[in-house]
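Values in this text are rule-based calculations from the coordinates and carry no lab data. On a predicted model such as this, the values are computed, not experimentally measured, just so you know. Here the Cβ positions follow ideal geometry from the backbone for every residue, glycine too, while neighbour counts run over all protein chains shown.
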Amino acid sequence: MMAAVVLGALGASTAVAQQVAPGDGGVAGDGGVAGDGGVAGEGGVAAEASGEAAPLRFGRFVVPPNPYGAGALRVDHLAGRRYNGFDEAEMLDVLRNGRITSTRQVGNTSINFRCDFPGEVDGAFKPSERLHIEHWRSEVAAFRVNQLLGLERVPPVVFRRVSVAELPAGLDNRVIFQHGVARGAMIYWVPTLRRLGIYTGEQLEQWTNMLVAGQPIAPAQWRRAEEISTLVAYDFIIGNWDRWHGTNTLVDGEGRIVYRDNNGGFLEPMPRWKAERMLSFLQRVQRFSRTLIDRARALSMADLEAAIAPDADEGVALLSPRQLQAVLRRRDTLIQYVDGLVQAYGEAEVYSFP
């Protein structure tokens with residue numbers, strides 16, 4: 001029996017119908033596309049969540065107040081956040097204002113420069129360049145959404161201008177300098193990274209099976225299952241279609257998945273095949289973090305606008321209104337998908353992680 005049909009927009013003009021059928025241990029998508037990009041369906045939620053102080057109610061679910069207030073991303077709400085053992089606010093200050101002592105080019109398909117700073121925090125500068133003029137914006141925006149969702153898994157990133165004197169090697173390749181300055185994302189350099197190998201074959205099948213509602217998860221695999229589930233949901237929200245290959249699923253020195261290399265996010269308009277690729281990975285997941293989904297429900301346009309405000313470039317916002325609207329539409333699709341799973345399997349099976 002059909003438990004729910006969830007219809008939601010993946011981007012400005014793409015909508016995909018998904019069917020959640022109990023009893024078969026899987027989720028099937030028919031690949032249909034709705035022309036109006038609307039959001040509808042049984043068990044659906046309101047299209048926009050406000051930032052009001054009082055809890056919001058979506059059916060029988062209660063969404064906690066957004067911790068960032070009514071669109072105000074205040075410093076005190078971000079106090080205490082840490083990444084790789086460092087205070088996040090201090091890391092951001094180094095990345096934005098620290099003195100660059102040396103640089104060297106790294107990276108393959110895109111241009112990146114390792115930037116050394118005095119002290120323990122170093123950076124990777126991803127500049128605007130002729131083949132990828134605006135991709136750095138997605139790196140910064142992805143970090144800000146990571147903050148809004150209460151995650152500490154995206155390496156800290158800021159918008160930064162780097163002079164040609166600091167980056168002389170940029171003259172020998174595609175880096176765009178305007179009046180002697182390159183614009184781009186300065187990203188925390190994670191000292192240790194290794195491939196996890198979860199994107200193909202047996203490993204892909206293994207984590208997919210772990211995230212089927214009702215299937216047991218071995219205690220030793222619990223953390224990894226949650227990391228992958230949250231990564232898939234996070235990528236869906238930011239529109240990152242380019243996760244699942246060898247160099248974008250890495251772990252740090254402690255074995256934790258690093259949600260890095262997010263320049264594929266926020267593409268607008270998004271080609272259909274990329275939207276369907278993201279959907280195919282979302283459909284592998286039937287178990288989610290309740291906290292993550294609650295925070296996603298509470299996202300509003302005002303919250304997104306405030307989150308990206310610190311990284312505006314001479315008054316030009318990091319993302320366009322159209323890109324921000326697409327984030328909320330993808331959020332709506334995710335929430336309706338999760339609510340459909342809850343109708344089919346129950347809260348206890350779907351909200352497997354705190």
Next item on the list: Report the net charge of residues surrounding LEU318, where surrounding means a beta-carbon distance below 11 angstrom and charges are Lys +1, Arg +1, Asp -1, Glu -1.
Entry: -3
Check: Given H placed on each backbone N at 1.01 Å, which residues far from CYS115 in sequence or on other chains put an amide H within less than 5 Å of it?
Finding: GLY123, ALA124, PHE125
Next item on the list: Answer rounded, prolate or oblate for region 187-300, using the Cα gyration tensor with square roots of eigenvalues a ≥ b ≥ c: rounded when a/c is under 1.5, else prolate when a/b is larger than b/c, else oblate.
Entry: rounded
Next item on the list: Along Cα→Cβ, 7 Å out, is where each label goes; now give me the distance between the ones at ASP313 and ARG104 in nm to one decimal.
Entry: 2.8 nm
Next item on the list: Compute the signed sum of charges (Lys and Arg +1, Asp and Glu -1) over the other residues within less than 9 Å, Cβ to Cβ, of LEU193.
Entry: +2
Check: Using the Kirkwood formula over every pair of different C-alpha atoms, what hydrodynamic radius in Å results for region 202-254?
Finding: 12.3 Å
Item checked: Neighbourhood charge, 15 Å Cβ-Cβ cut-off, centred on VAL121 and excluding it, Lys, Arg +1 and Asp, Glu -1 -> -2
Note to self: Give the average over all directions of the projected area of the C-alpha convex hull of region 75-188, one decimal, in nm².
What the structure shows: 7.1 nm²
Check: Can you sort VAL285, VAL157 by how many other beta carbons sit within 10 Å, fewest first?
Finding: VAL285, VAL157
Check: Label GLU205 and LEU78 with points 7 Å out from Cα along Cα→Cβ: what is the distance between them in nm?
Finding: 4.4 nm
Check: Given ALA307, SER320, ALA296, which one lies farthest toward the positive end of the charge dipole of region 194-334, if we put +1 on the Cβ of every Lys and Arg and -1 on the Cβ of every Asp and Glu?
Finding: ALA296
